[in-house]
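Visitor: This is the structure I want to talk about, given as structure tokens.
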């Protein structure tokens, strides 16, 4: 029995899971996946008349959303630093500008979101109209950040496609140059795949703040599935990143 317990507890997958969940990003993406699954499942249950069960999953969704807001209290500064680094770097102007705007969008979103959290936990009390404005501003910045991220992905994908085409079409006779080209092509493929992945995440996530602002009218079932998919994609990426070290 002790041998079986050791095999389970000390299994490499368990150790890898602990490494991922030992990071803030890993925990956040797991909590987000459960939060958006809860959003979908609560909608599913309530649509079929299971009010008590639906309320239970709605409560879980709300508590996880609140916990994630607490975990993100320091992140606005991270995005502000990223915007400053992008402004000081050199590169394609379109990519640089959209990166700066994206980071500033997320900075504004998470800053307003911190006030939403403080009001929710009664750290200070906002008037209902003010709380509504704060929530709307958070979603406006969130939407702006995602839209700039989409534009950044389009610009970057175009540049990568051009570089890939030029590099793969070049005629080289030297063996060393061919090896160097293959290394560069592999690096381009990796960056291209990451760009495509982020693009998919943005295209799904954009509907969440858009729905919160009333721009589109998608139900909680659809938004829950979208959020669950993007959370699992991001969690998988964090898993690969952490366990590659």
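Visitor: In nm, to one decimal, how far is the modelled label at residue 94 from the one at residue 197, with both set 7 Å along Cα→Cβ?
Guide: Output for this residue pair reads 2.4 nm.
Visitor: Would you kindly give the portion of the calculated P(r) for segment 20-156 that falls above 20 Å, as a percent of all Cα pairs? Could the numbers behind the result be given before it?
Guide: Numbers: 5452 of 9316 pairs.
Looking at segment 20-156, the distances longer than 20 Å represent 59 percent of pairs.
Visitor: In what sequence do 113, 220 fall when counting other Cβ within 10 Å, fewest first?
Guide: Numbers: 113 24, 220 21.
With the sparsest Cβ surroundings first, the list reads 220, 113.
Visitor: Taking the square root of 5 times each eigenvalue of the Cα gyration tensor, what semi-axes in Å does the equivalent ellipsoid of segment 76-214 have, largest first?
Guide: On the way: eigenvalues 339, 42, 25 Å².
Its equivalent ellipsoid spans semi-axes of 41, 14, 11 Å.
Visitor: Moving on to the next point. What's the FRET efficiency of residue 240 with residue 179 using the Cβ-Cβ distance as r and R₀ = 25 Å, to the nearest 0.05? Kindly include the intermediate steps, with their values, before the conclusion.
Guide: On the way: r = 26 Å, r/R0 = 1.03.
Computed FRET efficiency for residue 240 and residue 179 comes out at 0.45.
Visitor: Quick one, what does Rg over Rh come out to for the chain if you take C-alpha atoms and the Kirkwood Rh?
Guide: 1.05
Visitor: Run the numbers for residue 161 and residue 123: contour at 0.36 nm per residue of separation, minus the present Cα-Cα distance, in nm.
Guide: Details: separation 38, 0.36 × 38 = 13.68 nm, distance 5.00 nm.
Between residue 161 and residue 123, full extension yields 8.7 nm more.
Visitor: In the Gaussian network model of the chain, springs joining C-alpha atoms below 10 Å, which of 227, 158, 145 carries the largest mean-square fluctuation?
Guide: Most flexible of the set in this elastic network: 158.
Visitor: While we're on this one: Determine the gain in length on full extension of the stretch residue 219-residue 23; use 0.36 nm per residue of separation and subtract their C-alpha separation, reporting nm with one decimal.
Guide: Working: separation 196, 0.36 × 196 = 70.56 nm, distance 3.19 nm.
Net length gain for the segment: 67.4 nm.
Every number here is computed from the coordinates shown, using simple stated rules; none is lab data. What you see is a predicted model, and the numbers here were worked out from it, not measured in a lab. Glycine also receives a Cβ, built like all others from the backbone with ideal geometry; neighbour counts cover every protein chain displayed.
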